[in-house]
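The values are calculated or read from the model by the stated rules, or taken from the named source; none is laboratory data. Owing to the predicted nature of the structure, the values given are computational and were not obtained by experimental measurement. When we count neighbours, we look across all protein chains shown, and the Cβ atoms used for this are built from the backbone with ideal geometry, even at glycine.
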Amino acid sequence: MLQYMIILLDDASTSFCHYEVPSGERRLIHLDDLRAAIRLAMIENLTIQFVYPDYELPQEYQEVIDTIDHSDIKPLLAVTPDADVVTINGWEIDNKSLSGRVAVLRTAMSELLAHTRAVKDLLAVVQRLNVVITDLTTLTDTNREAYMHWLNEVGQTVVELYINGQSPQFNLLTDRMMLAAMNNCGAGDTCITLAPNGRFYVCPGFYYDDPENDVGDLRRGFDIKNRQLYKLNYAPICRQCDAWQCRRCVWLNRHTTLEVNTPSHEQCVAAHLERNASRQLLTSIRQKGTFLPDKPEINEIDYLDPFEKLQER
């Protein structure tokens, strides 16, 4: 059941996931479409997340936005005190401006591995850090080993932060310790996106790929074909997997496997490296004292891609 509506306020709205925003002219959503979307969200009881560009919106837009409870996703260059989520592209980061905030850091794998210190510093100041690896499909045996070591090294910093009384939230390491079930991408299932052209899409990535690939508009409403395929129950491998922190990005799935409910090998391997690092992190923190006593241990596994076990049968 749909619970969230993402509204891209402009074609240049910041990315907060794997998809890229094409460079080009700005196109601000029509004010009447913005009002209509808010009315529809009220009727359907949907929570709105507004995604902003890097420039200040006209005052009349902000007045309409403020007529409903919502969350704001803003790029670092346009961050304001009321931003709920800040997106970061690049490594020129003013940590003071991010103190106590929820931050999304989008980066290539090589850049992530080269900026370990910057990530550790971020974890010490933000409320929550989500890292999105934008070139996850390039994961190889070589950088897989490097990524594993990187996760364990950053994990030691997380342990130190916990010992010092902080409670860092980091999607790649701490989420798996806290979860009891899959918590993946809800695009097409619990979440839908409205683009500046007044049409609905499974997620922003589908809009930027092909504006004609819409799933309805403000006049017709939602029309998601084969909607059941976006649900976890229709992903036979994923629903039995315990890498619960895996993003299982629907857009990335479609790009790599041509199926929205089937992740790529690389996405599975990365998720299980993170799962295993979370297992080590949980053990390390518990050696320092009582921690999450109601949560069971994370079991050791002998694979990085569930399809490997399937092929053995």
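Within the stretch 28-62, if we keep just the residues that are in contact with a Phe, Trp or Tyr (Cβ under 8 Å, 6 or more places away or on another chain) and over 20 Å from residue 85 (Cβ atoms), the residue that is surrounded by the most Cβ atoms within 10 Å (Cβ to Cβ) turns out to be 28. Would you check if there is a residue in the stretch 30-48 being among the polar types (S, T, N, Q), assigned to a helix (DSSP H, G or I) and at pLDDT 95 or above? Checking the stretch 30-48: not a single residue is among the polar types (S, T, N, Q), assigned to a helix (DSSP H, G or I) and at pLDDT 95 or above.
Farther than 30 Å from residue 272 by Cα and either modelled with pLDDT of 90 or more or part of a loop (DSSP other than H, G, I, E, B) (or both), is that true of residue 214?
Numbers: farther than 30 Å from residue 272 by Cα: yes; either modelled with pLDDT of 90 or more or part of a loop (DSSP other than H, G, I, E, B) (or both): yes.
Spelling it out, residue 214 is indeed farther than 30 Å from residue 272 by Cα and either modelled with pLDDT of 90 or more or part of a loop (DSSP other than H, G, I, E, B) (or both).
Within the stretch 210-230, the set of residues being touching a residue at least 60 places away in the same chain (Cβ under 8 Å) and under 20 Å from the mean Cα position of the chain (by Cα) is empty.
The listed residues are 193, 174, and the only one of them that is of a type in the set (S, T, N, Q), crowded, with 22+ Cβ neighbours inside 10 Å and within 30 Å of residue 156 (Cβ to Cβ) turns out to be 174.
Got a sec? Which strands (runs of 3 or more DSSP E) wholly within the stretch 58-129 have at least 1 residues that are over 27 Å from residue 160 (Cβ atoms)? Before the answer, list the steps.
Numbers: elements: 70-75, 85-89, 102-107.
The qualifying strands (runs of 3 or more DSSP E) are 70-75, 85-89.
If you go through the stretch 231-289 and keep only what is polar (S, T, N, Q), touching a residue at least 40 places away in the same chain (Cβ under 8 Å) and assigned to a loop (DSSP other than H, G, I, E, B), you end up with 245, 264.
Just so you know, in the stretch 1-11 the residues that are over 22 Å from residue 255 (Cα atoms) and not β-branched (Val, Ile, Thr) include one that is modelled with the lowest pLDDT, and it is 1. Annotation note: Cβ proximity below 8 Å between a residue of the stretch 31-47 that is closer than 17 Å to residue 6 by Cβ and a residue that is assigned to a helix (DSSP H, G or I) and among the hydroxyl-bearing types (Ser, Thr, Tyr) (sequence gap 6+ or interchain) occurs for 34/61. The selection criterion, being small (Gly, Ala, Ser), within 21 Å of residue 12 (Cβ to Cβ), modelled with pLDDT under 95 and out of contact with any strand residue (DSSP E or B) (no Cβ under 6 Å at 6 or more places or on another chain), does not hold for residue 83. Counting only residues that are buried (at least 19 other Cβ atoms within 10 Å of the Cβ) and within 15 Å of residue 172 (Cα to Cα), the stretch 82-125 holds 10 of them.
Is there any pair linking a residue in the stretch 1-20 that is more than 22 Å from residue 218 (Cβ to Cβ) and touching a residue at least 40 places away in the same chain (Cβ under 8 Å) to one that is surrounded by fewer than 22 Cβ atoms within 10 Å (Cβ to Cβ) and aromatic (Phe, Trp, Tyr), with Cβ under 9 Å and at least six apart or on different chains, and which? Pairs that qualify, where the first residue is more than 22 Å from residue 218 (Cβ to Cβ) and touching a residue at least 40 places away in the same chain (Cβ under 8 Å) and the partner is surrounded by fewer than 22 Cβ atoms within 10 Å (Cβ to Cβ) and aromatic (Phe, Trp, Tyr), are 15/208; 19/208; 20/208. Residues that are touching a Pro at 6+ places or on another chain (Cβ under 7 Å) and within 29 Å of residue 209 (Cβ to Cβ): does the stretch 54-76 have at least one? Checked against the condition, which is being touching a Pro at 6+ places or on another chain (Cβ under 7 Å) and within 29 Å of residue 209 (Cβ to Cβ), the stretch 54-76 yields at least one hit.
Out of 194, 161, one residue alone is touching a residue at least 12 places away in the same chain (Cβ under 8 Å) and within 29 Å of residue 2 (Cβ to Cβ). It is 194.
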